[in-house]
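Scroll down for the structure; my scribbles are underneath it.
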Amino acid sequence: MSGRFILLLVLALSVAACGDGSGSTTTTAAVSTTTERITTTTPQGTGAIETTTTRVETTTTTNLPAVAVIDIVVDGGTVERVERFDVALDGTVRMTVTADVSDEVHVHGYDIHADVAPGQAAVFEFDATIPGVFEVEMEGSGVLIGELQVAP
């Protein structure tokens with residue numbers, strides 16, 4: 001590969017590493033080039049062959065905490081803004097829901113239920129072993145109060 005191609009590849013990977021500004025994903029690239037001179041002997045004589053090998057390795061990592069601590073406050077039977085919480089696959093979710101109404105909190109997909117009432121928070125912890133996007137709702141009223149996005 002030419003030096004220009006390698007430079008363009010590294011530049012493209014660097015731009016991709018910038019991401020969307022959330023800081024949750026990092027992409028790094030490592031480029032190594034080796035040149036080897038091989039001497040061969042044939043019936044026609046001795047000759048030298050030069051070979052160049054270029055290797056590009058990319059690594060993508062997700063910087064999500066192993067324990068996602070989620071606090072949701074329900075006021076007047078609803079939340080100010082429904083948030084999507086990023087959770088690492090195989091990480092732990094520790095969720096606390098406080099509310100000024102009595103209802104049941106339901107985390108869909110994981111089928112987790114917990115009662116909540118004024119002065120009595122719903123607190124639960126579970127392992128995020130199923131990838132996807134899951135609604136968290138006040139089951140009785142059907143009000144969406146959050147979403148979990150579980151991804152590697």
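Computed from the coordinates by the stated procedures, all read-outs in this text should not be read as laboratory data. Everything numeric here is computed off the predicted structure, so don't read it as measured data. Cβ coordinates were reconstructed from backbone atoms using ideal geometry, including for glycine residues, and neighbour counts include every protein chain displayed.
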Using the Karplus equation 6.51 cos²θ - 1.76 cosθ + 1.60 (θ = phi - 60°), what ³J(HN,Hα) coupling, rounded to whole Hz, does each residue of region 110-118 give in order, writing x for Gly and Pro? 9, 6, 9, 10, 8, 6, 9, 7, x
Let's see if you can work this out: charge +1 on each Lys and Arg Cβ, -1 on each Asp and Glu Cβ, no other charges. What is the dipole magnitude of region 67-151 about its Cα centre, in debye to the nearest 20? 160 debye
By average C-beta atoms within 10 angstrom, highest first, the peptides 67-78, 128-139: 128-139, 67-78
In region 74-152, which trypsin sites (Lys or Arg not before Pro) fall in coil by DSSP and have 12 or fewer other Cβ atoms within 10 Å? ARG81
What distance in nm separates the simple spin-label points at GLN44 and VAL73, each placed 7 Å from Cα in the Cβ direction? 8.3 nm
